[in-house]
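Shown next, in structure tokens, is the structure this report addresses.
The values are calculated or read from the model by the stated rules, or taken from the named source; none is laboratory data. None of the values given here were measured: they were computed from a predicted structure. Cβ placement follows ideal geometry from the backbone for every residue including glycine, while neighbour counts extend to all protein chains displayed. For accessibility, only protein heavy atoms count, side chains too; no ligands or nucleic acids. Shrake-Rupley method; radii C 1.70, N 1.55, O 1.52, S 1.80 Å.
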Amino acid sequence: MRLGPPPGPLRTLALATLANTVGTGLWLAGGALYLTRDVGLSPASVGAGLTVAGLVGLTASVPLGGLADRWDPRTLRAVLQVAQALAAAAYLLVDSLATFLVVAVPEALLVAGNLAVRAALVAAVGGPTGRVHAFATLRAVANLGISVGTALAGFALAVDAHPAYQVLVVGNAVTYLVSAALLLRLPAQAPGGAPRRAGGVTRRVGPLRDGRFLAVSGASAVLGTHVTVLVLVVPLWTVGRAGAPPPVVSAVLLANTVLTVPLAVRLSRGADTAAPAAAKLRRAGLVLAAATPLYAVTAGLPVLPAVVLLLTATVVWTVGDLWHGAAGAGLAYDLAPPGAIGAYQGADGLLAGLAQALGRGPLTLLVLGGGVAGWLVLGGLYAVVGLAAPTLARSAVASRPVAAPEPTGTGRPVAPG
């Protein structure tokens, strides 16, 4: 087994992702504590500010994704990384809720838009036959980087002093600059260009007016709420209803992270085109549904059996998580017209972000308020959405014009194995 991609554009992109996500891990672990303990904002203010900024930020997904269809996505992403470095460093100037919002909103716009540009860059580097493999590879690398960043943040959090928090903020900003420098080592990538004629028909429908694409992307977004369930609902359930000690929460989340690194690429295979990707999305929904009763029955069990069952459920959940990630990427790529991959990735990210933002409260209320019944309702929802995915995908495929061969960009296609 290789420790990383072979030499070439994907390895360079993986190194840029590793640098970027080390900073992400630093900020995820220490950002909230910096804003509350060092800056002095209340937890409620931080939560509300991040929610507002996140919702506003989603509006950048489609415009910046569309820009990647007309400009070199490598250069555009490098520019956005530099802008994110400036936004990350600006947190050093935050001293009130007003200045927090002034920094957080532009940063959220950059984050959401950058994700769509990244998806377009991955498509250009991987080519039509290698982009899902590249996506899965970068996801594994991202999990590794976040883990490293989280561990490094532990030193600043242990010191719990103003200089340590400043180092954490500066470290996050520097990783964006390192990532941008690595991105510029990639060869220039040709933009997707304007909509192409196919069979005498020009595809001009934008992603937000493509109802069949939005139906498929919406189904994927609903299943994508498994992220919220794992990082928000499961920890609250673990301590409050299963009666496990708080360190078990770390063990559950660590199990998901550790399994993602070796399994992400393996479980992504066979999701390059819409039909097999939709079948994998159905499988993901059914597997996530199968994990919900495992979490549910931990309530009322003795601590040791509850912990074993929580970890078992998380292993099953992670398999569904990884199948969903690969299938969602494969569908979003294959259902997008060749000249609008970035814009369609932006629309896909917009729906996913909305589902995450709007789903936190209802999911928490459903599971923690409904108990075992709540878990079973959630499992039923995932199963129904998963089962509907192939039908929705077939409808989306049938509605598109016969397309000319898709350009591969200047990067070499990445072989899936």
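Table: residues versus (1) basic (Lys, Arg); (2) part of a loop (DSSP other than H, G, I, E, B); (3) touching a Pro at 6+ places or on another chain (Cβ under 9 Å).
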| site | (1), (2), (3) |
| --- | --- |
| ALA242 | no, yes, no |
| VAL252 | no, no, yes |
| VAL258 | no, no, no |
| PRO262 | no, no, no |
| LEU267 | no, no, no |
| ALA277 | no, no, no |
| ARG283 | yes, no, no |
| ALA289 | no, no, no |
| TYR295 | no, no, no |
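LEU33: under 20 Å from VAL231 (Cα atoms), within 21 Å of the chain's Cα centre (by Cα) and of a type in the set (A, V, I, L, M), yes or no? First the steps, then the outcome.
On the way: under 20 Å from VAL231 (Cα atoms): yes; within 21 Å of the chain's Cα centre (by Cα): no; of a type in the set (A, V, I, L, M): yes.
It is false that LEU33 is under 20 Å from VAL231 (Cα atoms), within 21 Å of the chain's Cα centre (by Cα) and of a type in the set (A, V, I, L, M).
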Candidates ALA329, ALA352, filtered to the one that is modelled with pLDDT of 95 or more, under 17 Å from THR129 (Cα atoms) and not in a loop (DSSP other than H, G, I, E, B):
ALA329
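Can you tell me which residue is least open to solvent (accessible area, probe 1.4 Å) among those in segment 126-167 that are among the aromatic types (Phe, Trp, Tyr) and more than 30 Å from ALA332 (Cα to Cα)?
Within segment 126-167, the subset among the aromatic types (Phe, Trp, Tyr) is 135, 155, 165.
Imposing the further condition that a residue be more than 30 Å from ALA332 (Cα to Cα) reduces the set to 155, 165.
Details: PHE155: 145, TYR165: 5 Å².
Across segment 126-167, the extreme among qualifying residues is TYR165.
In the set GLY200, GLY206, which member is modelled with pLDDT under 95 and under 24 Å from the mean Cα position of the chain (by Cα)? Explain how you work it out, then say what you get.
Values: GLY200 fails: under 24 Å from the mean Cα position of the chain (by Cα).
Criteria check complete, one pass: GLY206.
Of the residues that make up segment 57-64, is at least one open to solvent by 60 Å² or more (accessible area, probe 1.4 Å), outside any helix (DSSP H, G or I), within 29 Å of ALA221 (Cβ to Cβ) and out of contact with any Cys (no Cβ under 6 Å at 6 or more places or on another chain)?
Scanning segment 57-64 turns up no residue that is open to solvent by 60 Å² or more (accessible area, probe 1.4 Å), outside any helix (DSSP H, G or I), within 29 Å of ALA221 (Cβ to Cβ) and out of contact with any Cys (no Cβ under 6 Å at 6 or more places or on another chain).
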When every residue in segment 364-380 that is crowded, with 17+ Cβ neighbours inside 10 Å and of a type in the set (Gly, Ala, Ser) is compared, the one farthest from THR238 (Cα to Cα) is GLY379
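Among the listed residues ARG11, ARG74, ARG37, ARG70, identify the single one that is charged (D, E, K, R), touching a Leu at 6+ places or on another chain (Cβ under 8 Å) and open to solvent by 30 Å² or more (accessible area, probe 1.4 Å).
The conditions single out ARG74.
For ALA296, state whether it is over 14 Å from HIS324 (Cβ atoms), open to solvent by less than 30 Å² (accessible area, probe 1.4 Å) and of a type in the set (A, V, I, L, M).
Answer is yes for this residue.
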Answer residue from segment 332-341, given it is at pLDDT 95 or above and part of a helix (DSSP H, G or I) and is surrounded by the fewest Cβ atoms within 10 Å (Cβ to Cβ) among those
ASP334
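Evaluate the following for ALA347: is it open to solvent by less than 10 Å² (accessible area, probe 1.4 Å), free of Cβ contacts under 8 Å to residues at least 60 places away in the same chain, out of contact with any strand residue (DSSP E or B) (no Cβ under 7 Å at 6 or more places or on another chain) and assigned to a helix (DSSP H, G or I)? First the steps, then the outcome.
Details: open to solvent by less than 10 Å² (accessible area, probe 1.4 Å): yes; free of Cβ contacts under 8 Å to residues at least 60 places away in the same chain: no; out of contact with any strand residue (DSSP E or B) (no Cβ under 7 Å at 6 or more places or on another chain): yes; assigned to a helix (DSSP H, G or I): yes.
It is false that ALA347 is open to solvent by less than 10 Å² (accessible area, probe 1.4 Å), free of Cβ contacts under 8 Å to residues at least 60 places away in the same chain, out of contact with any strand residue (DSSP E or B) (no Cβ under 7 Å at 6 or more places or on another chain) and assigned to a helix (DSSP H, G or I).
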Checked PRO187, PRO191, PRO195, PRO163 against criteria (under 21 Å from PRO73 (Cα atoms), over 21 Å from the mean Cα position of the chain (by Cα) and at pLDDT 90 or above); the one match is PRO187
Name the residue that is farthest from THR225 (Cα to Cα), counting only residues in segment 256-293 that are open to solvent by 70 Å² or more (accessible area, probe 1.4 Å), touching a residue at least 40 places away in the same chain (Cβ under 8 Å) and charged (D, E, K, R).
ARG269
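Does GLY380 satisfy being within 28 Å of ALA123 (Cβ to Cβ), in a helix (DSSP H, G or I) and modelled with pLDDT of 95 or more? So that I can check it myself, show each step before the final result.
Details: within 28 Å of ALA123 (Cβ to Cβ): no; in a helix (DSSP H, G or I): yes; modelled with pLDDT of 95 or more: yes.
Judged against the criteria, GLY380 is not a match.
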